[in-house]
């Protein structure tokens with residue numbers, strides 16, 4: 001009877017630890033995603049980008065799962081920016097975004113940016 005109680009207590013303790021770990025890593029992954037989105041919004045709201053007509057689209061992906069935290073994998077971020085035809089995109093925009101996201105999250109980051117050229121007819 002005592003051995004069965006001990007086995008049951010160990011099993012409950014193990015499952016509690018696993019549940020706590022899953023909860024913690026899920027929270028951390030969601031926090032990183034929130035930090036990435038906030039930093040991107042702030043970056044593209046700066047005059048350097050708004051005056052050049054560079055706009056962050058709503059299409060963003062943050063690939064960072066709880067298992068990535070445990071395996072120390074980088075945060076993979078992909079997003080699109082739009083700009084007016086004839087405007088020039090800063091050549092190091094991916095590097096700048098990468099550095100800002102690393103600073104904001106404290107994690108290694110891999111950034112992929114897609115560009116969409118906008119054209120508009122005269123009114």
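The values are calculated or read from the model by the stated rules, or taken from the named source; none is laboratory data. This one's a predicted model, so the numbers in the text were calculated from it and none came from an experiment. When we count neighbours, we look across all protein chains shown, and the Cβ atoms used for this are built from the backbone with ideal geometry, even at glycine.
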Of all the residues that make up region 61-75, how many are touching a residue at least 24 places away in the same chain (Cβ under 8 Å) and outside any loop (DSSP other than H, G, I, E, B)? 7
Looking only at region 47-56, decide whether some residue is outside any helix (DSSP H, G or I), in contact with a helix residue (DSSP H, G or I) (Cβ under 6 Å, 6 or more places away or on another chain), modelled with pLDDT under 90 and under 30 Å from residue 116 (Cβ atoms). yes
Only residues that are surrounded by 18 or more Cβ atoms within 10 Å (Cβ to Cβ) and more than 16 Å from residue 100 (Cα to Cα): list them for region 36-72, please. 54, 64, 68, 69
Would you be able to say whether some residue in region 92-108 is in contact with a helix residue (DSSP H, G or I) (Cβ under 8 Å, 6 or more places away or on another chain), under 26 Å from residue 25 (Cβ atoms) and assigned to a loop (DSSP other than H, G, I, E, B)? yes
Please go through (1) without any contact (Cβ under 8 Å) to a residue 40 or more places away in the chain; (2) more than 16 Å from residue 106 (Cβ to Cβ); (3) exposed (fewer than 14 other Cβ atoms within 10 Å of the Cβ); (4) touching a helix residue (DSSP H, G or I) at 6+ places or on another chain (Cβ under 9 Å) for residue 20 and return the number of the only condition it doesn't satisfy. (4)
In contact (Cβ under 8 Å) with a residue 12 or more places away in the chain and surrounded by 17 or more Cβ atoms within 10 Å (Cβ to Cβ), is that true of residue 33? yes
Within region 76-109, count every residue that is surrounded by 14 or more Cβ atoms within 10 Å (Cβ to Cβ), closer than 15 Å to residue 35 by Cα and either touching a residue at least 24 places away in the same chain (Cβ under 8 Å) or out of contact with any strand residue (DSSP E or B) (no Cβ under 9 Å at 6 or more places or on another chain) (or both). 11
Just one of the numbered conditions (1) out of contact with any helix residue (DSSP H, G or I) (no Cβ under 8 Å at 6 or more places or on another chain); (2) more than 21 Å from residue 24 (Cα to Cα) is not true of residue 81; which one? (1)
